[in-house]
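Notes follow once the structure below has been shown.
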Amino acid sequence: MTNSSEAPRTLAYWQRAAATLRIDTRPVIGGQRVEPLTTETFQSVHPHDGRVVATYPACGMAEIDLAVAAARKAFEAGCWSGLAPAERTRVMHRLGDLLRQHGDELALMDSLEMGMPIAQALGDIDESIDGLRALAELASQLTDLVLPSAPHALALNLRVPHGVVGAITPWNFPLYVALSKVAPALAMGNSLVLKPSELASLSCLRLAELALEAGLPPGVFNVVPGRGLPAGQALARHMDVDCLTFTGSTATGLQLLQDAGRSNLKVTLLECGGKSPQLVFDDLDDMDTLADTLVQGFAWNSGQVCVAGTRILVAQHLFDRLAEALAERVGTCLTGDPLDPTTTHGPLASRGQFERVTHLLAQAHKQGARVLARGQVASAAQGCHLGATLLADVASDHIVMQDEVFGPVAGLMPFADVDQALALANATRYGLFATVWTRDLPLAHRFARRLRAGSVVVNAVASPRTAHVRGSGAEPVGLSGYGIEGGAAGLRAYTRQRSVQFNLG
Ligand code: ADP
């Protein structure tokens, strides 16, 4: 399906497109769709109405083995790894063109499988393409080092690709997060095996087909659908995978680290959960605009965002005014049909996620939290819809202020002074992201240095887009994982440094 330029993109347009969407769930291995070896299947379900979107082969060790062998063969052949960086850049730009042409199809796949509102999914595709192009360009400009040496010697530091990269990705931004790994890994000359989330793999499988069409040699980029166990685990424990890159929960990240340790000591890049603060100081006065952005910071993509700003920490002096504005804003959040272009908040991605979030809300209630405001759920919704929820009377050690909820839920707390603000903001085992709202830039700068977070954004909404791919690189802290994503340093993470010394005698 290519984008239609004429038809107005109404709900009816997207419903028609969904009804005629070509669905192919077979793995892409060695440059083609292949029949899976397993006969076991699982299904993805549209969280808005519970309809089955796709039936997947539950691939496991056998398919992962084939994919890793194909990736290894392509890597050793040098058909991609041996190209000049500028040649790789050209292919990646062609992929960008194809992603643009097929943007509607890819956005629809993500929207159907995990319930992201279609308007947002389209924006995500645009962002993914921009990120891909930016990294492709940057990769062709990276330089190696010539080191100071005696006249009869030549010493170099080269960056060389790892080899075969295994990527395991989540469902919250299926294509976007996959590309934030696929793009730098490919740009630096690696081959790849991607195991997307079992909740939403269609767009990643399609990505592999489009990459072939763009001119990526067969075997360089393979996608195998399957569950975490056994497919993800097979990749993590594989003896011929050189680097494992992951975005997902901390529990899985910890497991992957053990798998890497029990197998071949593969390099690991782990971006796990977050419990990010949004700090608001008392020098601000436009409460309505502030409330809008703070709510967006935690409720965007139904809060299923690793950088969601779920701990809203507010200067005591502003607390009552801002709480009122926030409550009003949260009350107007309305979930709706993801395929309706006017929908801004979709359902949660799955029944399991819905149950997890409602369980955490029940625990919050038991610990004394009070619902200050709740958004509305579309009246016709049957699926996993949950209104945005703002909690008051929470304490820093409450479960809801410590655990990653991954739903549209935030807790609101006051702070008395700058020291308490910093202590509260850093009272987390995570360290992915933080936002600071103040006109006092020296204060913001001090906080940027002292906050426990991989990325700090001052006076802008929390967004993975500010954190990854196009901007400068960022590396998480604590249980949020490690490994730089984004920018030149993020590209280098997909390489090893090699020392080369010549005796020119
Ligand atoms: P979430 O709970 O948000 O789905 P997960 O960490 O469970 O986050 O999932 C993220 C990705 O990790 C998915 O692709 C999933 O299949 C994969 N995964 C889950 N468990 C494992 C595991 N034990 N080994 C390898 N991959 C796993």
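The values are calculated or read from the model by the stated rules, or taken from the named source; none is laboratory data. Nothing here was measured: the structure is a model prediction, and the numbers come from that model. With ideal geometry, Cβ positions are generated from the backbone for all residues, glycine too; neighbour counts draw on all protein chains shown. For accessibility, only protein heavy atoms count, side chains too; no ligands or nucleic acids. Shrake-Rupley method; radii C 1.70, N 1.55, O 1.52, S 1.80 Å.
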note = In segment 438-477, anything at pLDDT 90 or above and over 29 Å from His317 (Cα atoms) is listed as Ala474, Glu475, Pro476, Val477
message = Within segment 45-124, considering only helices (runs of 4 or more DSSP H) that don't extend past its boundaries, which have at least 2 residues that are closer than 20 Å to His162 by Cα and small (Gly, Ala, Ser)?
response = 61-77
query = Given the conditions (1) away from the ligand (no atom under 12 Å from the Cβ); (2) closer than 17 Å to Met92 by Cβ, which single one is not true for Lys181?
reply = (1)
request  = Count, please, the residues in segment 172-212 that happen to be acidic (Asp, Glu) and buried (at least 24 other Cβ atoms within 10 Å of the Cβ).
outcome  = 0
request  = State which residue pairs qualify: first residue of a type in the set (Lys, Arg) and inside segment 338-353, second residue open to solvent by 40 Å² or more (accessible area, probe 1.4 Å) in any location, beta carbons under 9 Å apart, and separation of 6 or more residues or different chains.
outcome  = Arg351/Val45; Arg351/Gly50
task = Name every residue in segment 235-255 that is within 12 Å of the ligand (Cβ to nearest atom), open to solvent by 10 Å² or more (accessible area, probe 1.4 Å) and among the aliphatic types (A, V, I, L, M), in order of residue number.
result = Ala251, Leu254
task = Any chance you could count how many residues in segment 394-406 are touching a Gly at 6+ places or on another chain (Cβ under 6 Å), under 22 Å from Ala323 (Cβ atoms) and part of a loop (DSSP other than H, G, I, E, B)?
result = 1
inquiry  = Take Leu205 and tell me if it is in contact with a Ser or Thr (Cβ under 9 Å, 6 or more places away or on another chain) and at pLDDT below 95.
reply    = no
query = Are any residues in segment 434-449 open to solvent by 20 Å² or more (accessible area, probe 1.4 Å), closer than 20 Å to Thr310 by Cβ and not small (Gly, Ala, Ser), and if so, which ones?
reply = Trp437
message = Considering only residues that are open to solvent by 60 Å² or more (accessible area, probe 1.4 Å) and more than 10 Å from the ligand (Cβ to nearest atom), which ones fall in segment 256-274?
response = Leu257, Arg262, Leu265
